[in-house]
Each structure stands twice: as structure tokens, then as C-alpha cells.
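All remarks here apply to the structure that follows.
The values are calculated or read from the model by the stated rules, or taken from the named source; none is laboratory data. Quick caveat, the model's predicted, so the values are computed rather than measured. Virtual Cβ from ideal backbone geometry, glycine too; neighbours counted across all protein chains shown. In case anyone asks, the SASA skips ligands and DNA or RNA and just uses the protein heavy atoms, side chains included. Shrake-Rupley method; radii C 1.70, N 1.55, O 1.52, S 1.80 Å.
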Amino acid sequence: MDMRQLRYFVMVAEELSFSRAAERLHMSQPPLSQHIKLLEEDIGVQLFHRTRREVKLTDAGAVFLRESRLLLGQMKTAVSATVRAAQSDAGVLRLGVATSALFHVLPTFVDMVRERYPGVEISVSDMQSQDQIAAVSHGQLDIGLVHIRPDRSKLMRMPIYHEHYMAVLPQGHALAAKPDFTLADLADEPMIALSRESGPTVFDAIVASCYEAGFSPSFKHAARSPLTIFQMVRLGFGVALVPRSYASSAYPGVLFRDLPPTAGHVRMEAVWSEKHASELTLKIARELLPRLAPDMAPGAAAPLEATASHPA
């Protein structure tokens with residue numbers, strides 16, 4: 001059985017006439033009748049009742065007509081999608097993002113992709129950086145937006161963004177209006193942070209920044225998401241240190257205070273696999289990723305050229 005036989009069957013079923021179906025198919029009737037006979041023999045079911053006066057579908061033939069139309073429609077969709085993918089202007093971009101990228105990096109990148117490649121469907125997965133690197137390495141993601149950390153995978157990497165920290169305080173907190181606010185002012189405060197399991201790179205970077213400011217952070221509570229952090233702060237469980245882009249959430253009951261650049265920052269990069277990348281992924285990586293750093297981090301240096309990360 002092949003797709004041509006299905007087209008022949010559907011045509012006969014719609015016309016209920018071998019002669020009219022043959023005319024529409026631009027072929028003679030005997031070969032058409034032979035194809036239908038072979039199809040019935042192949043599946044072991046009679047599809048038509050034939051008399052000299054009429055051709056009618058059997059009950060089994062009616063079921064086969066419904067399913068054949070679905071198969072032909074799926075084949076048409078597959079062919080169209082393949083043609084669009086070959087033109088490198090359509091397809092699916094499987095994108096992984098670290099949670100902090102959802103606030104700023106992702107919206108800008110998605111706008112870039114939709115403007116340049118309007119036929120591209122974007123599939124987004126919120127994943128830890130290390131899980132993204134594994135998924136990209138195995139061809140399960142096309143591009144990952146991850147926090148920079150030492151890595152031993154053979155992936156292409158491009159720095160795209162960095163941002164400073166902000167402190168999250170409950171409204172009415174004593175430090176809310178303090179002039180010359182610095183990270184050291186949080187030394188005696190109970191702190192809330194993403195659990196290390198949920199955000200190991202951000203967690204470690206915050207700890208390092210606190211040590212640099214002269215104190216060891218007192219983490220009293222752990223959260224699995226930024227919204228959980230904000231709600232804990234709102235309820236008075238402590239204060240938090242988060243990437244600056246989190247402030248765009250405008251969560252009620254908390255306020256965000258800027259910290260000087262010396263308080264540290266988190267850095268992000270894009271990763272992709274030359275081995276698994278489609279033509280579409282490579283075009284997006286080469287054309288759009290270099291635009292992220294200057295567009296999203298005013299005053300930051302332009303991104304480095306993409307480099308491969310190899311085992312140490």
C-alpha cells in the first residue's frame with residue numbers, strides 16, 4: 001500500500017464512479033480498477049460494492065475513507081513543513097531558559113526571532129542551566145540561555161547578558177529609605193534565596209558576592225521560584241538578593257533597592273550544538289544572538305565571538 005493508492009481510493013469513493021475518478025486522475029479506467037483491487041487484496045477487506053449500475057462504499061470502506069483522508073492531510077502537512085524547513089525560514093525552535101532569563105532576556109530574544117523569522121514556532125522550557133547543557137548536547141534543545149559556569153561539554157557558547165543584583169525588602173523595612181544602601185547592610189538580616197538545587201549558579205554567585213562584601217549570608221529560608229521568594233519577603237521571613245530583572249515583576253508588598261555594581265552580578269550565555277543544530281538554529285545563533293548583549297545590557301561590552309567549550 002502506498003500514498004498513491006490512497007489517493008486513487010479517495011477519488012473513487014468521492015465520485016462513486018470509476019470512470020469519473022479516472023477522468024479526474026487523468027488516467028484510463030482499467031489501471032485504476034486494478035489499483036483498487038490490489039488495495040483490497042492488500043488489506044483483506046472489500047471497500048466497494050460494484051454493480052453495472054452503481055458503485056457504493058461498504059461499511060469498512062467508509063471507515064477507510066475517513067482514515068485515508070486524515071493520512072493524506074497529514075502527508076500534505078508534512079511535505080509543507082519540510083519545504084518550509086528547507087527554506088530555513090520556518091520550523092520549531094526548542095529553547096531552554098534559566099528562570100532569570102524569563103524576565104528580560106527571553107522577551108527580547110523572542111521578539112527578535114518573531115520579527116526576523118515569523119514562520120518559526122518557539123517552544124520554551126524553564127530549566128536549570130546544567131540540565132539545559134545536557135539537553136542541548138543530546139539534541140533535545142536547540143539553544144539554551146544559561147548562567148555562565150565552568151563547563152566541560154563540547155558546545156558553542158556566546159556571552160549575551162549580565163545584570164547586577166537588587167535587594168528585595170518588605171514594605172516598611174528599616175532599610176527601605178536608607179541612603180547609600182550597600183550589600184553590607186544586609187549582613188545581619190535573615191535571607192531568603194532560591195534553593196541551590198533550583199538555581200545552583202545564582203545561589204553560588206550570591207554567596208560569593210556576600211563574602212566579597214565582608215559577611216556570610218544567613219539563609220533562613222529556601223524557595224523554588226522568584227514568586228515564592230517575593231511572597232516570603234512580603235510575609236516578613238527575611239530579605240533577598242536577586243538578579244535585577246526580577247524587579248520587573250512588580251510584586252505587591254515588596255520593594256526593590258538598587259545595589260552598586262560592586263555588589264556583583266550574574267552573567268548569561270547562549271549555548272548550542274554544532275553537531276545537532278539545524279540550519280534554522282545556526283542562522284538564529286549567528287544572526288540574532290550577537291544582538292542580545294548590546295540591546296539588553298546598555299553599557300556592557302559587545303559579546304565575544306562564539307567559542308567552543310571542550311573537555312578540560
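Couple of notes before you dig in:
- Any pair with Cβ under 8 angstrom, 6 or more apart, that starts in the range 58-79 at a residue that is over 18 Å from residue 43 (Cα atoms) and open to solvent by 40 Å² or more (accessible area, probe 1.4 Å) and ends at one that is at pLDDT below 95 and in a helix (DSSP H, G or I): 75/3
- Residues that are surrounded by fewer than 23 Cβ atoms within 10 Å (Cβ to Cβ) number at least 2 in the following strands (runs of 3 or more DSSP E) confined to the range 118-186: 119-126, 155-170.
- Matching residues, the range 215-262, being under 26 Å from residue 108 (Cβ atoms), touching an Asp or Glu at 6+ places or on another chain (Cβ under 8 Å) and open to solvent by less than 50 Å² (accessible area, probe 1.4 Å): 243, 245
- When residue 49 is tested against (1) in contact (Cβ under 8 Å) with a residue 12 or more places away in the chain; (2) in contact with a strand residue (DSSP E or B) (Cβ under 6 Å, 6 or more places away or on another chain), only condition (1) is not met.
- Top-ranked residue of the range 90-113 - restricted to ones that are open to solvent by 60 Å² or more (accessible area, probe 1.4 Å) and within 13 Å of the chain's Cα centre (by Cα), ranked as nearest to residue 200 (Cα to Cα): 102
- Strands (runs of 3 or more DSSP E) within the range 231-293 that include 2 or more residues free of Cβ contacts under 8 Å to residues at least 60 places away in the same chain: none
- Test: residue in the range 256-264 that is modelled with pLDDT of 90 or more and over 20 Å from the mean Cα position of the chain (by Cα): yes
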